[in-house]
Amino acid sequence: MKTRYLLLLLLWIVVGQQISAQSRKSSGKIIRTLLVDGQNNHDQWPKVSYMMKHYLEETGKFSVDVKRSYYTWKGDEFLADFPLKGTENTMALPKPKADSSFKPDFSKYDLVVCNFGWNAADWPKETQVAFEKFMSKGGGLVVVHAANNSFPDWPAYNQMIGLGGWGNRTEKDGPYVYYTDAGTLVRDPAPGNAGSHGAQQEFLITIRNPDHPITKGMPLKWMHTKDEMYDRLRGPAENMEVLATAFSPKSNRGTDRHEPMLLTLTYGKGRIFHTPMGHVDYSVECVGFITCLLRGAQWAATGKVDIPIPADFPTEKATSQRPFGKK
Ligand SMILES: [Zn+2]
C-alpha cells in the first residue's frame, strides 16, 4: 500500500511539473533585452534609458540589461561608474574614440534597444560584425530618437535604421521618405542634408497602417506630448514600412511634409522598430510613446504583439502623460 501511495505521489509531482512548464511556455517567455548606450548629444540620455528599462520591465514581459560604451573625451580614462545625470554630451565635442572594450554578447539576447546619439564613437569592428550576425539571424532592434543620428559610416546600421539624420548624411545615403497631403508615400532623391527639426511642440500622429500588430486598435490620430519632430531624414529605406507620420510645418522650420514617426524594417531575419520621437523625459512620458515603445519592442523580438492599448492612451484632441516616478 505504501509503495502505491509513493508511486501516485511521484506521478502527481511529475505530471504537475509538466503542466506548469507548459503553462509557462504558453504565457510567453521573457524577452531578454539588452539596452546599449553611453554616448549621446542629449544630456538626459541616462534618464531616458532608465525610463525605457522601467517601462519594458513593468510589463513583466522583458528583462533588461544595460551595456554602456564608457570611452570619454577627457583623455583615455574609462568612466566605470557612469553617473545617472550630468553626463557626457557629444554636442560640440570632438568625436570620441571607439571603446575597444565594448563587446556585448548579443547572442544572449532576443532584443537590443539602441539609445546612442549623435557623434557616438563607432563600435569596434568585431562588435559591429557580431551585431550584424545577431540581426540577420533573427534578432530584434529598437531605435529611439537620436540613435538614428549614430554611426553614419556603418552601412549595415544604416540598413537597419532605414532613415537617419545628421552625421554628413546626404543624397549619397538614400532618399528622403515622407507622405504628401494627398496621402502618397514619396521616396525623394533630391540632394540635401539629412536631419533637422524645429522648436519642440506637441504634435498629431497619423497612423498610416492601422493593421500592423504595433498600431492595431490605436486611434488613427493621437496627440504626442512636447517633443522634437525630426524631419528630412534619409537613408537606404529598404525593407521598410512607415506606420505613422506627423505633419512638419514650414512655419516651424519644417518641411510641409508628413514625416515618418513610426517605422518597421527587416534586416535578414531580424526585425526593427524605429521611432524618431523621444527627445527628453516629458516626450518619453507620453502614453502614446510608451505604448509604441512596448508594442514595437515586443514585435521586434517576437513578430507578435499582445500588449494592450491602455485606457489612458492619448486622443486626437488631448495628449496623455504619465509623470515618471509619480503615482
Ligand atoms: Zn533631440
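The values are calculated or read from the model by the stated rules, or taken from the named source; none is laboratory data. Remember, predicted model here, so these are calculated numbers, not experimental data. Glycine also receives a Cβ, built like all others from the backbone with ideal geometry; neighbour counts cover every protein chain displayed. These accessible areas exclude ligands, DNA and RNA; they are computed on the full protein's heavy atoms, side chains included. Shrake-Rupley method; radii C 1.70, N 1.55, O 1.52, S 1.80 Å.
Can you tell me which residue in segment 261-295 is farthest from the ligand (Cβ to nearest atom), limited to those that are among the aliphatic types (A, V, I, L, M) and without any contact (Cβ under 8 Å) to a residue 60 or more places away in the chain?
Val287
Tell me yes or no: at least one residue of segment 181-200 is surrounded by 19 or more Cβ atoms within 10 Å (Cβ to Cβ), touching a Ser or Thr at 6+ places or on another chain (Cβ under 8 Å), within 27 Å of Thr319 (Cα to Cα) and in contact (Cβ under 8 Å) with a residue 12 or more places away in the chain.
Within segment 181-200 (the criterion being surrounded by 19 or more Cβ atoms within 10 Å (Cβ to Cβ), touching a Ser or Thr at 6+ places or on another chain (Cβ under 8 Å), within 27 Å of Thr319 (Cα to Cα) and in contact (Cβ under 8 Å) with a residue 12 or more places away in the chain), the answer is no, since none of the residues qualifies.
Keeping to segment 215-263, report how many residues are assigned to a loop (DSSP other than H, G, I, E, B), acidic (Asp, Glu) and touching a helix residue (DSSP H, G or I) at 6+ places or on another chain (Cβ under 6 Å).
The qualifying residues number 1.
Would you confirm, using the coordinates I've provided, whether Met277 is surrounded by fewer than 23 Cβ atoms within 10 Å (Cβ to Cβ) and at pLDDT 95 or above?
Judged against the criteria, Met277 is not a match.
So, in segment 120-151, how many residues would count as being crowded, with 23+ Cβ neighbours inside 10 Å and of a type outside the set (A, V, I, L, M, F, W, C)?
Residues that pass the stated criteria total 6.
State the number of residues belonging to segment 43-55 that are within 14 Å of the ligand (Cβ to nearest atom) and open to solvent by 20 Å² or more (accessible area, probe 1.4 Å).
Count: 3.
Please name all residue pairs, on different chains or six or more residues apart, with Cβ atoms under 7 Å, provided the first residue is in segment 224-236 and is in contact (Cβ under 8 Å) with a residue 24 or more places away in the chain and open to solvent by less than 10 Å² (accessible area, probe 1.4 Å) and the second residue is within 13 Å of the ligand (Cβ to nearest atom) and in a strand (DSSP E or B).
From residues that are in contact (Cβ under 8 Å) with a residue 24 or more places away in the chain and open to solvent by less than 10 Å² (accessible area, probe 1.4 Å), the pairs are Tyr230/His197; Asp231/Ser196; Asp231/His197.
Which condition breaks for Ile205 when tested against (1) more than 14 Å from the chain's Cα centre (by Cα); (2) of a type in the set (Val, Ile, Thr); (3) surrounded by fewer than 24 Cβ atoms within 10 Å (Cβ to Cβ)?
Failed condition: (3).
Please identify the pairs in which a residue from segment 39-65 that is among the acidic types (Asp, Glu) has its Cβ atom under 6 Å from the Cβ atom of a residue that is modelled with pLDDT of 85 or more and more than 10 Å from the ligand (Cβ to nearest atom), counting only partners at least 6 apart or on another chain.
Glu57/Val64; Asp65/Leu34
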